[in-house]
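Bear in mind that the values in this text are calculations on the coordinates, not laboratory data. Source: prediction; values computed, not measured. As a convention, Cβ positions derive from the backbone with ideal geometry for all residues, glycine included, and neighbour counts pool all protein chains shown.
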Amino acid sequence: MSFPVQDIRRDFPLLSQKVHGKDLIYFDNAATTQKPEVVINRMNDLLRVGNSSIHRSVNYLSDQMTRDYEAARDVVKNFIGAENSKEIIFTSGATGSINTIAFSFGEAFVSSGDEIIVSELEHHSNIVPWQMLCERKGASLKVLPMDENGELRLDLLPSLINDKTRLLSVSQVSNSMGTINPVEEIIELAHSYDVPVLVDGAQSVQHSAVDVKKMDCDFFVFSGHKIYGPTGIGVLYGKEKWLDRLPPYQGGGDMIDRVSFEKTTFNELPFKFEAGTTNYIGVIGLAESIKYINNIGFEALKEYEFFLRDYTLEALKSVPGITFYGTAKEKVAIFSFLMNQIHPYDAGLVLDKLGIAIRTGTHCTMPVMEHFGIEGTIRASLCFYNTKEEIDRFVEGLLLVQEMFT
Ligand code: PLP
């Protein structure tokens with residue numbers, strides 16, 4: 001494997017620190033990813049010498065910031081293969097994007113008796129906004145189940161879709177189990193019933209090239225902080241034909257065309273959905289993180305991450321008493337598991353003392369935990385700056401945890 005992981009690690013200042021006197025091992029990448037120096041420097045520079053509100057003033061700084069902001073929109077458009085940059089809306093994150101559609105789509109197209117479909121393995125952010133919509137409109141939420149491996153039961157999908165179904169929302173990759181869902185197949189099936197599909201890409205865009213046109217999703221969302229960019233920034237992609245027909249989510253700022261006390265008219269896309277002063281420095285930071293990933297290239301990145309995935313799986317199998325949750329054939333390097341009767345929280349605390357950052361708990365997927373009849377798991381989520389040596393140290397840490405608690 002010729003992936004230049006040591007060079008890449010040098011790009012991420014946080015990774016070289018010690019925690020509790022030990023070299024940090026950061027295996028909590030599904031929660032949030034670390035930032036390369038280029039992102040940090042770009043945002044620092046903007047804060048130092050570039051800051052000015054966009055789309056508002058004629059001054060030099062504002063003009064420059066506006067150009068950079070709109071150039072960032074083009075970077076995102078190209079990154080996910082959208083048709084045009086009007087289809088790219090900047091939000092606060094994947095959650096913000098889903099809430100935008102749940103509200104706006106709900107206002108325009110959902111009424112009493114209608115149905116929305118989500119899957120059993122969704123993150124709460126792709127459940128709760130739809131539940132809130134259903135409550136508001138008197139609609140109901142249908143759930144596509146998963147099987148014991150954490151794979152979606154596609155065979156059951158046709159029986160869930162009917163003429164009351166208004167939208168289907170599904171993640172491309174599960175954050176708690178790593179399952180890669182066959183979203184193209186789901187979209188094709190949903191479209192054959194004229195049902196639009198929102199794809200939650202919060203755990204997919206950082207691992208594999210996304211092409212929203214090829215996928216043919218109607219909406220696609222992701223967060224900046226999970227793709228080596230800043231927090232508080234996210235993307236909502238929507239086909240222009242849908243976004244044009246949806247009312248704005250929030251009012252004020254750039255989303256207006258003309259305001260009077262009698263009536264307000266709204267701006268064109270994409271500004272109609274960007275109310276208030278946007279997180280323009282975050283947007284430019286996100287574009288920088290995308291350029292960073294593009295420079296590595298998804299082919300090499302994916303091959304290395306799959307190597308780490310396979311290596312981790314084999315290594316973890318050597319830990320006695322381990323039970324995996326989420327054993328799908330197609331998955332990213334996210335591992336959820338329990339060891340004997342050891343509480344995940346206890347394991348997490350010991351691992352932390354060894355400098356190993358993992359996540360414990362439900363991972364914002366309580367229905368997944370309910371499916372398996374457990375209260376939570378230990379989750380290790382890896383990405384391209386992790387190494388084989390870190391996996392070895394992780395396994396040693398787990399063996400120590402076992403020794404302490406059994
Ligand atoms: N969807 C999935 C699959 C996620 O993993 C997450 C976060 O973990 C979200 C949505 C929500 O992302 P954010 O909190 O960045 O809005």
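Below, the figures for the structure above:
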| item | result |
| --- | --- |
| Axial C-alpha extent at least 15 Å, average Kyte-Doolittle at least 0.5 - helices from the chain (DSSP) | 94-109, 280-296 |
| Extension reserve of the Phe405-Ser192 stretch, reckoned as 0.36 nm per residue once the Cα distance is removed | 71.4 nm |
| Mean Cβ count within 10 Å, highest first, over the residues of peptides 40-48, 154-162 | 40-48, 154-162 |
| Likely footprinting exposure, Val38, Val350, Val173, fewest C-beta neighbours within 10 Å first | Val38, Val350, Val173 |
| The range 223-260 residues near the modelled Lys302 label - backbone nitrogen below 20 Å, point 7 Å along Cα→Cβ | 223, 226-228 |
| Theoretical gain in end-to-end length, Glu396 to Glu375 [0.36 nm per residue, Cα-Cα removed] | 5.1 nm |
| Neighbour net charge for Ile334 - beta-carbon separation under 11 angstrom, K R +1, D E -1 | +2 |
| Set of lysines near Lys272 by C-alpha distance (under 25 Å), chain-local residues within fewer than 8 positions excluded | Lys77, Lys86, Lys137, Lys213, Lys239, Lys241, Lys263 |
| Calculated FRET value between Gln250 and Ala357, using beta carbons and R₀ = 35 Å, to 0.05 | 0.50 |
| Per-pair calculated FRET efficiency, R0 = 22 Å: Glu314 and Leu349 via Cβ, rounded to 0.05 | 0.25 |
| Residue-averaged 222 nm ellipticity for the chain, from DSSP H runs of 4+ at -39500 (n - 2.57), nearest 500 | -11500 deg cm²/dmol |
| Inter-site label distance for Asn295 and Asp147 at 7 Å from Cα along Cβ, in nm | 4.4 |
| Amide proton proximity set for Leu144, modelled H, under 5 Å, gap of 5+ | Val118, Ser119, Glu120 |
